[in-house]
Amino acid sequence: MANHEFKWKHFAPEIILWCLRWYGSTPMSYANISDMLAERGISVDRSTIYRWFIEYSPSLRKKLRHYQFIKTDSSWQLDETYVKVKGKWFYLYRAIDKQGNTLDFYFSKKRNNYSAYQFLKRCLKCYVLDKQPKTLNTDKHASYAHAIALLKKRGLLRKDVKHRQVKFLNNGIESLRMLNKGQFDFWLRHDERQTLVRERSAFMNHLFNIDGILQ
């Protein structure tokens, strides 16, 4: 099926999505992905793969959110790490539940009260008050306490939530790793071990209305 998102691309959509999935869900570099394609007789420069990842990652995130289950969990963990995007450093805020499932993430140029507030507000928007977590675990950066207090004041966060501060807290992962963790396996046709990688590839391609997958 034709897809306008891949119009004017020199490579088939299934090749682009194959690169996106393997780079986003494994420790491999752009060069590693380029070498894997070369073994299959496909010549793609590492810089091209980088541009694909920057272009299609936001779209994939939006598509996956339609398939993500919203469930109640009594405790969330919030943290942030420093990552480089297009040669510039950003803070990546992340939230996971007790089972290790990724809830949401947020990029920011700064680590401050505004960023923490916007991140937590974004995480909470899918939950009514009585379905929100009872405990929020964060590191000891003051911005989280400020965000929690402001959200309570504005009626966006339950009043009885407990804020547990831990000096070192570093968990969470991005959208493609959510797919690799099995958080969307409910939607697969088969989830046996021997077919799991192929089925996850097919599901990701389905999000973009692409029928084939790269072997």
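If Leu60 satisfies every condition in (1) modelled with pLDDT of 85 or more; (2) part of a helix (DSSP H, G or I); (3) surrounded by 15 or more Cβ atoms within 10 Å (Cβ to Cβ); (4) within 16 Å of the chain's Cα centre (by Cα) but one, which is the exception?
With respect to (1) modelled with pLDDT of 85 or more; (2) part of a helix (DSSP H, G or I); (3) surrounded by 15 or more Cβ atoms within 10 Å (Cβ to Cβ); (4) within 16 Å of the chain's Cα centre (by Cα), Leu60 is out only on (1).
For the condition part of a strand (DSSP E or B) and more than 13 Å from the chain's Cα centre (by Cα), what is the one hit in Val83, Val44? Spell out how you get there, then give the answer.
On the way: Val44 fails: part of a strand (DSSP E or B).
Unique residue meeting the criteria: Val83.
Condition (residue is modelled with pLDDT of 85 or more, surrounded by 13 or more Cβ atoms within 10 Å (Cβ to Cβ) and not in a loop (DSSP other than H, G, I, E, B)) applied to region 166-183: is it met by at least one residue? Step through it out loud before you land on a result.
Within region 166-183, the first condition is being modelled with pLDDT of 85 or more, and the residues that meet it are none.
Checking region 166-183: not a single residue is modelled with pLDDT of 85 or more, surrounded by 13 or more Cβ atoms within 10 Å (Cβ to Cβ) and not in a loop (DSSP other than H, G, I, E, B).
Residues in region 108-131 that are without any contact (Cβ under 8 Å) to a residue 40 or more places away in the chain and touching a helix residue (DSSP H, G or I) at 6+ places or on another chain (Cβ under 9 Å): how many? Don't jump to the end; show me each part of the working.
Within region 108-131, the first condition is being without any contact (Cβ under 8 Å) to a residue 40 or more places away in the chain, and the residues that meet it are 108-118, 121-122, 124-125, 128-130.
Remaining after also requiring touching a helix residue (DSSP H, G or I) at 6+ places or on another chain (Cβ under 9 Å): 108-109, 111-118, 121, 124.
Residues meeting the conditions: 12.
So which residues in region 189-208 are modelled with pLDDT under 85 and outside any helix (DSSP H, G or I), if there are any at all?
The answer is Arg189, His190, Asp191, Glu192.
Identify the residue in region 5-28 that is in a loop (DSSP other than H, G, I, E, B) and either open to solvent by less than 50 Å² (accessible area, probe 1.4 Å) or aromatic (Phe, Trp, Tyr) (or both) and, among all such residues, is nearest to Asn180 (Cα to Cα). Reasoning before the result, please.
Start the filter on region 5-28 by keeping residues that are in a loop (DSSP other than H, G, I, E, B), which leaves 7-12, 26-28.
Subsequent filtering for residues that are either open to solvent by less than 50 Å² (accessible area, probe 1.4 Å) or aromatic (Phe, Trp, Tyr) (or both) retains 8, 11-12, 26, 28.
On the way: Trp8: 29, Phe11: 24, Ala12: 23, Thr26: 9, Met28: 14 Å.
Filtering first and then ranking leaves Thr26.
Of all the residues that make up region 103-140, how many are open to solvent by less than 60 Å² (accessible area, probe 1.4 Å) and closer than 26 Å to Lys181 by Cβ? Give the derivation first.
First, the residues of region 103-140 that are open to solvent by less than 60 Å² (accessible area, probe 1.4 Å): 103-106, 108, 112, 115-120, 123-124, 127, 132-133, 135-139.
Then keep just the ones that are closer than 26 Å to Lys181 by Cβ; that gives 103-106, 108, 115-116, 118-120, 123-124, 127, 132-133, 135-139.
Here the count works out to 20.
Condition first: within 20 Å of Pro133 (Cβ to Cβ) and either at pLDDT 85 or above or loosely packed, with under 12 Cβ neighbours inside 10 Å (or both). Now tell me which residues in region 81-102 satisfy that.
Step one: list which residues in region 81-102 are within 20 Å of Pro133 (Cβ to Cβ), which gives 93-102.
Residues satisfying the conditions are Tyr93, Arg94, Ala95, Ile96, Asp97, Gln99.
Which numbered condition in (1) under 20 Å from Gln99 (Cβ atoms); (2) open to solvent by less than 70 Å² (accessible area, probe 1.4 Å); (3) touching a residue at least 60 places away in the same chain (Cβ under 8 Å) is the only one that Trp187 fails?
Trp187 satisfies all of (1) under 20 Å from Gln99 (Cβ atoms); (2) open to solvent by less than 70 Å² (accessible area, probe 1.4 Å); (3) touching a residue at least 60 places away in the same chain (Cβ under 8 Å) except (2).
Which numbered condition trips up Lys134, out of (1) touching a residue at least 40 places away in the same chain (Cβ under 8 Å); (2) more than 22 Å from Arg154 (Cβ to Cβ); (3) more than 20 Å from the chain's Cα centre (by Cα)?
It is condition (2) that Lys134 fails.
Name the pairs: first residue in region 15-28 and touching a residue at least 12 places away in the same chain (Cβ under 8 Å), second residue β-branched (Val, Ile, Thr) and open to solvent by less than 20 Å² (accessible area, probe 1.4 Å), Cβ to Cβ under 6 Å, at least 6 apart or on different chains?
Listed by first residue and then by second, the contacts come to Cys19/Ile33; Cys19/Ile49; Trp22/Ile33; Tyr23/Ile33.
The values are calculated or read from the model by the stated rules, or taken from the named source; none is laboratory data. Since we're looking at a predicted model, the values are computed, not measured. Using ideal geometry, Cβ is built from the backbone for each residue, glycine included, and neighbour counts are taken over all protein chains shown. Ligands, DNA and RNA are excluded from the accessible area calculation, which covers all protein heavy atoms including side chains. Shrake-Rupley method; radii C 1.70, N 1.55, O 1.52, S 1.80 Å.
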